[in-house]
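The values are calculated or read from the model by the stated rules, or taken from the named source; none is laboratory data. Being a predicted model, the structure only gives us computed values, none of them experimental. Here Cβ is always computed from backbone atoms with ideal geometry, including for glycine, and neighbour counts include all displayed protein chains.
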Amino acid sequence: MHMIPPHIHRDFFNRDTVTVARALLGQLLVRNHPDTKEPIAGIIVETEAYLGVRDKAAHTYNYHRTDRVRTMWGLPGHAYVYFTYGLHHCVNCTTMPESTPQAVLIRALQPTHNLPFIHSMRPKAKSATNLCSGPAKLTQALDIARALDGADLCSDQSPLYIAQVRKRSHSTSKITASPRIGVNYAQEWAKKPLRFHLTGNLHVSRQ
């Protein structure tokens, strides 16, 4: 198993949300779990950008502010974890300065570290490429739940953080941009190309 590189610094997240969504591709999402000595991790291969108060698909659209979305209104570089449809969790990275409630949803991972743990959490996965190929699948695989909401993604002592594998973003030719998934209710925002994935990667939720 390869060594895990150092954590990403907060300045990485304190930028334009679309820039962060693209730059996260190829970085490593790391879970420090109390039940295993080895970290669990995977390369981020798919993301979606949510642009806050003007974005009709964002939880903070029209200045919506509740306990559920409190983390989105805070500092950049924290995990915003929410429970959706009464079924599963999704994990996001907060972006932009404090009080600018934007975030990037992590949609898919390519598992790299502690595969036995991941398989134990996803025993019904049909293939290796199905283990983390969707936001609900990856939170199940890494055991990410609402208790991790607000986790500092910029500290390797955190239960959940992001390690910097790449200094530079992938070139435009290696990233596919498309409309976000499952946001048909968001009117004109449903068609904006705010979903990004590594072109040709087999671990994404859909090509």
Could you list, in sequence order, all residues of the range 120-139 that are outside any loop (DSSP other than H, G, I, E, B) and either at pLDDT below 95 or more than 13 Å from the chain's Cα centre (by Cα) (or both)?
Ser120, Met121, Ala128, Thr129, Asn130
Check the range 104-111 and report whether any residue there is under 20 Å from Ile43 (Cβ atoms), assigned to a helix (DSSP H, G or I) and not small (Gly, Ala, Ser).
no
Hey, can you tell me all the residues within the range 166-207 that are charged (D, E, K, R) and more than 22 Å from Gly42 (Cβ to Cβ)?
Glu188, Lys191, Lys192
Considering residues that are surrounded by fewer than 17 Cβ atoms within 10 Å (Cβ to Cβ), in contact (Cβ under 8 Å) with a residue 12 or more places away in the chain and either touching a strand residue (DSSP E or B) at 6+ places or on another chain (Cβ under 6 Å) or not in a loop (DSSP other than H, G, I, E, B) (or both), the number found within the range 166-201 is 11
Just checking, does the range 63-85 include any residue being under 21 Å from Ala141 (Cα atoms) and modelled with pLDDT under 95?
yes
Here the qualifying pairs (Cβ atoms under 6 Å; residues six or more apart or on different chains; first in the range 1-13 and closer than 11 Å to Gln27 by Cβ; second aromatic (Phe, Trp, Tyr) and surrounded by 14 or more Cβ atoms within 10 Å (Cβ to Cβ)) come out as His7/Tyr161
Looking at the range 154-165, which of its residues are under 18 Å from Val45 (Cβ atoms) and touching a Pro at 6+ places or on another chain (Cβ under 9 Å)?
Ala163, Gln164, Val165
Among (1) farther than 25 Å from Met3 by Cβ; (2) in a helix (DSSP H, G or I); (3) aliphatic (A, V, I, L, M), Val204 falls short only on (2)
